[in-house]
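The values are calculated or read from the model by the stated rules, or taken from the named source; none is laboratory data. Nothing here was measured: the structure is a model prediction, and the numbers come from that model. With ideal geometry, Cβ positions are generated from the backbone for all residues, glycine too; neighbour counts draw on all protein chains shown.
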Amino acid sequence: MTNPDSLLQKVMGDFELFCKNFIEINTNDGTREKLILNEAQKDINDLLKMNRQIVLPKSRQAGVTTMMLAMSLWKACTVPNHSIMIVSYLGASAKQLFDKLKDMNQSLPRHKYPNIFPEVKRENRTELLFKNGSKITSTVAGDKDIGRGETIDFCLLSELAFYNDIDRQLLSVSQSMAKGEHSRLIIESTAKGMNSFHKLCMAADKGHSRYKLYFINWYHKLYLQQFKNEIDEADKWFRATNKGNKMSSKDLDEDERLLHEKGATLRQLSWRRFKLLDMELESFHQEYPSNLYEAFVNSSGNTLFNQSKILERMEYIIPPLDRDELTGVLPEPLIKFIGRGLEIYHLPKRGKRYYSGVDVAAGVGGDNSTMSMIDDDGNQVMSFYSNKVSPHDFAGVIDQIGRWFNYSYLCVERNSYGSVVLEQLRNTFGYENMYKMKQFDERGKRKLKLGFLTTEGSKKIAISLFRQNFETGMVNINCKSTLEEMTIFIEKDGKLGNRKSGGNKDDLVISMTLANVAMAEGKWYV
C-alpha cells in the first residue's frame with residue numbers, strides 16, 4: 001500500500017504534479033480547472049531544470065505567464081526564504097498578474113494539508129510574505145532599476161519588449177540575481193520591433209548568449225485547445241461562405257500551403273484567415289508569429305526587401321560546412337576563423353567563376369568588416385563577418401579566400417577604410433582581379449579607379465540590383481545573418497540602411513550588394 005505521506009512528498013517535489021493536483025485556474029470558456037501542463041509548458045519546465053536563464057518569445061495566450069505564476073507559488077511553498085519577483089511593464093498588468101497569483105494561492109488546500117502549505121504572514125497589493133520566510137513581490141518596470149539592493153532567487157520579466165530602457169533594466173535584474181545554481185531568470189514577451197529584446201532573442205538563437213531560447217509559434221498544437229471556441233467559430237464562418245464546405249488543401253493560398261507543410265492544421269488555417277478579416281497581416285505576425293523572425297520582421301516598417309521571400313528562404317537555408325569538412329581543404333591561415341565569422345557553404349569548383357563584395361570597417365568593435373561571395377549561377381558560397389579584424393589583416397583574409405575560390409573577382413567599397421584594403425590587395429598581395437569604377441576627373445576625362453565608391457545615388461542603384469536579383473530568384477542567399485539584416489534594411493527619409501538601435505547592422509547586406517554589382521559587371525581581369 002502506498003504511503004500517503006511519501007506520495008504527497010512526491011507531488012510537492014515535482015512542479016508538474018503540483019500544478020495537476022493543487023493549482024486551479026480559470027479557463028477561456030469560463031470554467032475552473034486544475035492546471036495540466038501542455039507540451040510547450042512541459043518543454044519549458046524541462047529547460048528550467050538545466051538552465052538558469054531562459055528567454056521565451058511567444059504568440060499571444062500561450063499559457064507561459066500562467067505557468068510562471070504557478071511556478072512562483074510552488075517555489076514559495078517548497079523552498080524556505082526564497083525571494084521571488086514578478087515584473088510587468090504596466091501597473092494594470094502587474095495588478096492583473098498578481099491577482100491571478102493570489103487566486104492560485106487561495107485555492108491551495110491549506111485546511112487539508114496545514115503542514116505542507118505555509119500560511120501567509122502578510123499580503124498586500126505588491127507582496128505575499130509566507131511564514132516560511134519566502135516572499136513573492138510584484139513590481140512595475142518603470143524608471144527605477146529593478147531589484148536594486150535585493151537578492152532575487154526567481155524572477156519573471158513579463159513582456160520585456162515593452163519596457164523602457166531594456167538594457168539597463170536587464171542589467172539591474174541580472175546583478176540582483178542570487179549567484180547559486182538554484183536561481184532562475186525567465187523572460188517572456190511578444191515582440192515590439194527591432195529593440196533590445198530582438199537582439200537578445202537573436203543572440204540566444206545563435207547560441208551566443210547565456211540565455212536558452214524556446215519559441216512557441218501560433219500553430220503549436222496547444223492552441224487547438226486554447227483557441228478551440230474561436231477555431232469552431234472560424235470553421236462555421238468558412239462553411240457559411242463556401243457553400244457549406246470546410247477548408248481543404250485546394251483552398252490554400254501560397255502562404256497557407258507553406259504553413260500547412262510546416263504543421264498548421266486546416267482548422268488553424270481557417271482560424272488564421274478568419275482573424276485576418278479585421279486584422280492586418282503585419283499585426284497578425286506580431287501577435288501570432290509562425291517563426292522566430294516573423295514578428296520582428298513585420299513590425300519594423302519601411303523594409304526594402306520582400307519579407308515573405310526572406311522568411312521562406314530562412315526555412316530552407318543550408319548550414320555552413322563544419323571544421324572537419326574544411327580541415328585539409330581550406331587554406332591553413334583561415335582555419336581559425338571557422339565558427340568565428342567565416343562560413344563556407346560550398347567548396348570551390350574547377351572552372352567556376354566567383355564574385356565577391358567587400359565592406360570594410362575599423363575592426364575595433366561596432367560595424368563588421370564583411371565579405372560575401374556568389375558563383376556565376378548566383379548561388380552564395382561563403383560569407384565572412386568580424387568587427388575584430390583590422391583593415392590590414394582583413395586584406396590578408398580577402399586575399400586568401402579570393403585566391404582559394406579560383407581568384408574571385410572582388411568588388412571592394414573604397415570609402416574610408418576600404419582604400420587601405422585596396423592598396424594592400426593590389427600593392428602588397430598583387431591581387432589583380434578587382435572591380436574598377438568609371439569616373440570623370442576635373443578635366444572631363446573618364447578614368448577607371450579601383451573599388452566601388454558609395455554615394456547615396458550609387459548605393460540606391462546597387463541595392464536595387466541586389467533586391468531585383470533576390471526577389472526574382474537570380475541570387476540564392478545561404479547566410480542566415482545576411483537574411484536577418486535584410487529583414488530590417490529600410491528606406492527612411494530617402495536614405496537606405498538598418499536601424500542602429502539594439503546593435504543592428506547592415507554590413508552583410510552591403511557586401512552582398514557589392515557581390516551582385518561584381519557579377520553584373522561581368523569583367524574578369526586574369
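Condition check ((1) in contact with a Leu (Cβ under 6 Å, 6 or more places away or on another chain); (2) farther than 17 Å from residue 310 by Cβ; (3) modelled with pLDDT of 95 or more; (4) not hydroxyl-bearing (Ser, Thr, Tyr)) across all residues:
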| residue | (1), (2), (3), (4) |
| --- | --- |
| 435 | no, yes, yes, no |
| 442 | no, yes, no, yes |
| 449 | no, yes, no, yes |
| 471 | no, no, no, yes |
| 498 | no, no, no, yes |
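Of 269, 222, 304, which residue is at pLDDT below 95 and either crowded, with 21+ Cβ neighbours inside 10 Å or farther than 30 Å from residue 36 by Cβ (or both)?
304 is the lone residue from the list that is at pLDDT below 95 and either crowded, with 21+ Cβ neighbours inside 10 Å or farther than 30 Å from residue 36 by Cβ (or both).
Show the residue pairs that are 6+ apart or on different chains and have beta-carbon atoms under 6 Å apart, the first residue being within the stretch 310-334 and within 28 Å of residue 400 (Cβ to Cβ) and modelled with pLDDT under 95, the second being crowded, with 16+ Cβ neighbours inside 10 Å and among the aliphatic types (A, V, I, L, M).
Pairs found: 323/338.
Looking at this structure, is residue 72 surrounded by 21 or more Cβ atoms within 10 Å (Cβ to Cβ) and either outside any helix (DSSP H, G or I) or at negative phi (or both)?
Judged against the criteria, residue 72 is a match.
Return the pair list, or none, for Cβ contacts closer than 6 Å from residues in the stretch 256-284 that are in the same structural domain as residue 59 (by TED's automatic domain parsing) to residues that are in a helix (DSSP H, G or I) and of a type in the set (Asp, Glu), at least 6 apart or on different chains.
none
Can you name every residue in the stretch 17-43 that is touching a Leu at 6+ places or on another chain (Cβ under 7 Å) and surrounded by 16 or more Cβ atoms within 10 Å (Cβ to Cβ)?
Passing the criteria: 19, 22, 23, 25, 38, 40.
Just checking, how many residues over the stretch 145-160 are part of a strand (DSSP E or B) and among the acidic types (Asp, Glu)?
The qualifying residues number 0.
Being of a type outside the set (Phe, Trp, Tyr), crowded, with 16+ Cβ neighbours inside 10 Å, within 25 Å of residue 467 (Cα to Cα) and out of contact with any Cys (no Cβ under 8 Å at 6 or more places or on another chain) is the requirement here; does residue 378 meet it?
yes
Residues checked against (1) at positive phi; (2) in contact with a helix residue (DSSP H, G or I) (Cβ under 7 Å, 6 or more places away or on another chain); (3) of a type in the set (Lys, Arg):
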site	(1), (2), (3)
211	no, yes, no
217	no, no, no
228	no, no, yes
274	no, yes, no
287	no, no, no
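Would a scan of the stretch 97-107 turn up a residue that is of a type in the set (D, E, K, R) and either over 28 Å from residue 18 (Cα atoms) or outside the structural domain of residue 47 (by TED's automatic domain parsing) (or both)?
No, the conditions are met nowhere in the stretch 97-107.
So how many residues does the stretch 75-113 have that are loosely packed, with under 15 Cβ neighbours inside 10 Å, part of a loop (DSSP other than H, G, I, E, B) and out of contact with any helix residue (DSSP H, G or I) (no Cβ under 9 Å at 6 or more places or on another chain)?
Number of matching residues: 4.
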